[in-house]
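Asker: Can you read through this structure? Questions will come right after.
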Amino acid sequence: MATFDTSDCYVVEGKLALPYTYFAGRVGSTFITTLRDQRKIMGVKCNACGKVFVPPRQTCERCMEDIRNNWVALSDTGEVVNFTVVRYDDKHLPRKAPFVLAMIKLDGADTPMAHIVEGIDPENMTEGLKVKAVFADQTTNTILDIDHFEPVK
Amino acid sequence: MAYRKKNRNVGIVGIGETKFSSHREDVNQPEMIHEAVRQALDDAGLTMNDVDCVVHGNMELFEMVHQPDMWHTLGSGAFGRDSFRLTTGGTTGGTLAGAADNLVASGMYDVVMAIGFEKLQEGHTTGGITNMADPLWARKLQSGALTAQAAVKLITEFGEERARRAAMTYRIIMDKHACKNPNSHRAFGLEWDQMDDLMTTSPPLIGELRLIHMCSQSDGACVVIFASEEKAKQITDKPVWVRDHITVHREETLNLCNNYYPTETTHKFAAEQLYARNNITNPLEYFDVFEMYDPSAWWGLDWIRDFFLLEGDEHIKLVENHEIMMDGKMPINPSGGVIAANPIGATALVRVAEAAKQVRGNAGPHQIPRPVNHALASSFGGTMWTVLMMLEKELNW
């Protein structure tokens, strides 16, 4: 193994602040406000390829169709298409470990969205699990207005 | 300098520009970019299926977005296509145009779309800019990106009264142009009788650099589509030909080669090289319009001399005599230039786009009132970097 003589080598310590804002745009804003005010999860449909996207987008990137006004209400139930178990704690994480982060394809949608699954032992998680959205008591104007998903009983 | 003639000719066949603005809360990044993409495709009469490759650029870290080219696929049309991301600071837009030209000229692709964008109100430019300075030699010493260097230089050489009046004349001319350009972010309607007032009441930023002299922070996107000669002639009856382009970079902060090379600016060096290899002996006579990356009125005024290889006070006289106005001898920035709108990653591509529109003759209300056969577009970035591009109406050089 190579060794390097690092004696008397100065290391500059620094820290930069990275503040930012993000303009969600009309489409993203409509999704969030509908979720917040009506507890409805909305997608948009591309009339060219028939796909229903959630989270919604202004343009179908494959067909280049403008789909911003093609809103469809989706079911609050869906299916886990993939998942991971988070097994470490960190202050940015939304739950204490271990917890499940899953890709959930809502009934009526063609694309999955990421969210937390609770109410099941992580060791028992399986792809194909049917889940249902549980809405948050308090709004934060974020995707966490869906608090989590839980298995359909 | 190693340089070879182009492998094949390349034409600009499509142009799209958003309206530039201080805030675009109504669209996210890919949505804003999509506006310019759609416009450029419509302008060319193409669909994304006709585009072989997408080059995408903006300022590094300005929106705090990682790999923005991939994220923006939702609006850029790059899905399933070859794509590159380029980021060269303020010159990004010029680099995008140069790269697109090279990619087509090489034979690698027939049709290349260049996308420049910025949403300056979303990010915090300090995060990106601060990283410019070397952590050991410069970061503890640096000031911001604003400088009154050009003001000091011009005042020293031409006296305070003349320099200040010339800079404000330049500024008012740019505003008069901006007022004709529907895409301008800032167009105030300044009048000549406001000159003395502005020189004393506009808030000073640094020394004689005042707020009124300086460019804005803008949101916006620009898209330019480049095609091989064969394709370009099929796509449009008004292709604008990219004759040549040159890039000159020099780092002038403490870490590299300060004071080691002569103090000639990269603008002048680039201009000399570009004109020499294209046999242009009198650029002021040759070009019909110049779209300059002019971040402030002081810089714009000072740089005219470098770009046209002028002597003494010839550049000051051009401004004093309003020869840089739309109907003057050398119209500069009929678009209103960078002081009118500065979405940085798009800004230099806007210079190319606006120059090309002038050549086509369909720039809109800010079209200059005589035929444009030869156009020049510049980019500026960093501590002193230049990209310079020449556009032509005819394939006859």
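The values are calculated or read from the model by the stated rules, or taken from the named source; none is laboratory data. Small disclaimer: the values here were computed from a predicted structure and weren't measured. Heads up, the Cβs are rebuilt from the backbone with ideal geometry, glycines too, and the neighbour counts pull from every protein chain shown.
Asker: Would you please name the residue that is surrounded by the fewest Cβ atoms within 10 Å (Cβ to Cβ), looking only at residues in segment A:10-46 that are more than 26 Å from the chain's Cα centre (by Cα) and either more than 14 Å from chain B (Cβ to nearest Cβ) or not aliphatic (A, V, I, L, M) (or both)?
Answerer: A:15
Asker: For segment B:374-397, enumerate the residues that are charged (D, E, K, R) and in a loop (DSSP other than H, G, I, E, B).
Answerer: B:393, B:394
Asker: Residue B:141: assigned to a loop (DSSP other than H, G, I, E, B), over 22 Å from the mean Cα position of the chain (by Cα) and exposed (fewer than 15 other Cβ atoms within 10 Å of the Cβ), yes or no?
Answerer: Spelling it out, residue B:141 is indeed assigned to a loop (DSSP other than H, G, I, E, B), over 22 Å from the mean Cα position of the chain (by Cα) and exposed (fewer than 15 other Cβ atoms within 10 Å of the Cβ).
Asker: Does residue A:92 fit the bill of being without any contact (Cβ under 8 Å) to a residue 40 or more places away in the chain, closer than 27 Å to residue B:30 by Cβ, touching a His at 6+ places or on another chain (Cβ under 7 Å) and away from chain B (no Cβ under 14 Å)?
Answerer: no
Asker: Residue B:157: out of contact with any helix residue (DSSP H, G or I) (no Cβ under 8 Å at 6 or more places or on another chain), more than 14 Å from chain A (Cβ to nearest Cβ), under 26 Å from residue B:212 (Cα atoms) and in a helix (DSSP H, G or I), yes or no?
Answerer: So residue B:157 does not fit the description; no.
Asker: Applying the selection to segment A:47-64, what residues are surrounded by 16 or more Cβ atoms within 10 Å (Cβ to Cβ) and either out of contact with any helix residue (DSSP H, G or I) (no Cβ under 9 Å at 6 or more places or on another chain) or touching a residue at least 12 places away in the same chain (Cβ under 8 Å) (or both)?
Answerer: Once the filter is applied, which keeps residues that are surrounded by 16 or more Cβ atoms within 10 Å (Cβ to Cβ) and either out of contact with any helix residue (DSSP H, G or I) (no Cβ under 9 Å at 6 or more places or on another chain) or touching a residue at least 12 places away in the same chain (Cβ under 8 Å) (or both), segment A:47-64 yields A:51, A:52, A:53, A:54, A:55, A:56, A:57, A:58, A:60, A:63.
Asker: Mind checking which strands (runs of 3 or more DSSP E) fall wholly inside segment A:69-122 and carry at least 2 residues that are hydrophobic (A, V, I, L, M, F, W, C) and in contact with a helix residue (DSSP H, G or I) (Cβ under 8 Å, 6 or more places away or on another chain)?
Answerer: Result: A:99-106.
Asker: I'd like the full set of residues that are in contact (Cβ under 8 Å) with a residue 40 or more places away in the chain and over 20 Å from residue B:93 (Cβ atoms), limited to segment B:32-57.
Answerer: The answer is B:45, B:46, B:50, B:52.
Asker: Pick out, from segment B:200-249, the strands (runs of 3 or more DSSP E) lying fully within it that include 2 or more residues that are modelled with pLDDT of 95 or more.
Answerer: Per the criteria, B:219-228, B:240-249.
Asker: Follow-up question, since we're still on this one. Hey, can you tell me all the residues within segment B:21-55 that are within 19 Å of residue B:68 (Cα to Cα), of a type outside the set (Asp, Glu) and more than 9 Å from every other protein chain (Cβ to nearest Cβ)?
Answerer: Those that are within 19 Å of residue B:68 (Cα to Cα), of a type outside the set (Asp, Glu) and more than 9 Å from every other protein chain (Cβ to nearest Cβ): B:33, B:36, B:53, B:54, B:55.
Asker: Of (1) within 14 Å of chain B (Cβ to nearest Cβ); (2) not in a helix (DSSP H, G or I), residue A:7 satisfies all except one. Which?
Answerer: (1)
Asker: May I ask you to list the residues in segment B:62-77 that are aliphatic (A, V, I, L, M) and more than 8 Å from chain A (Cβ to nearest Cβ)?
Answerer: B:65, B:70
Asker: List, please: which pairs have Cβ atoms under 9 Å, are six or more places apart or on different chains, and start with a residue in segment B:110-125 that is closer than 30 Å to residue B:227 by Cβ and within 14 Å of chain A (Cβ to nearest Cβ) and end with one that is among the charged types (D, E, K, R) and part of a strand (DSSP E or B)?
Answerer: So the pair list comes out as B:117/B:219; B:118/B:219; B:119/B:219.
Asker: Shifting gears a bit: Go through segment B:258-369 and tell me which helices (runs of 4 or more DSSP H), entirely inside it, have 3 or more residues that are within 15 Å of the chain's Cα centre (by Cα), at negative phi and of a type in the set (A, V, I, L, M).
Answerer: In segment B:258-369, the matching helices (runs of 4 or more DSSP H) lie at B:337-340, B:344-360.
Asker: Scan segment A:128-153 for residues that are of a type in the set (A, V, I, L, M, F, W, C), part of a loop (DSSP other than H, G, I, E, B) and more than 15 Å from residue A:106 (Cα to Cα) and jot them down.
Answerer: A:136, the sole residue that qualifies.
Asker: Next question, about the same structure. Being at the interface with chain A (Cβ under 7 Å from one of its Cβ atoms) and either more than 14 Å from residue A:11 (Cα to Cα) or crowded, with 16+ Cβ neighbours inside 10 Å (or both) is the filter here, so list the residues in segment B:126-138 that pass it.
Answerer: If the condition is that a residue be at the interface with chain A (Cβ under 7 Å from one of its Cβ atoms) and either more than 14 Å from residue A:11 (Cα to Cα) or crowded, with 16+ Cβ neighbours inside 10 Å (or both), then B:127, B:130 are the ones that fit.
Asker: Let me ask something additional. Quick one: in segment A:39-52, of everything that is assigned to a strand (DSSP E or B) and touching an Asp or Glu at 6+ places or on another chain (Cβ under 7 Å), which residue is nearest to residue B:48 (Cα to Cα)?
Answerer: So, considering only residues that are assigned to a strand (DSSP E or B) and touching an Asp or Glu at 6+ places or on another chain (Cβ under 7 Å), the one nearest to residue B:48 (Cα to Cα) is A:52.
Asker: Being closer than 30 Å to residue B:51 by Cβ and modelled with pLDDT of 95 or more narrows it down to one residue among A:62, A:68, A:87; which is it?
Answerer: Exactly one residue qualifies, and that residue is A:68.
Asker: Okay, next question. Out of B:175, B:134, which single residue is modelled with pLDDT of 95 or more and on the phi < 0 side of the Ramachandran plot?
Answerer: Residue meeting the stated conditions: B:175.
Asker: Here is a list: B:96, B:74. Which entry is in contact (Cβ under 8 Å) with a residue 24 or more places away in the chain and surrounded by fewer than 24 Cβ atoms within 10 Å (Cβ to Cβ)?
Answerer: B:74
Asker: Still on this model: Please give the number of the condition residue A:83 fails out of (1) within 14 Å of chain B (Cβ to nearest Cβ); (2) under 16 Å from residue A:115 (Cα atoms); (3) aromatic (Phe, Trp, Tyr).
Answerer: Here residue A:83 clears every test but (1).
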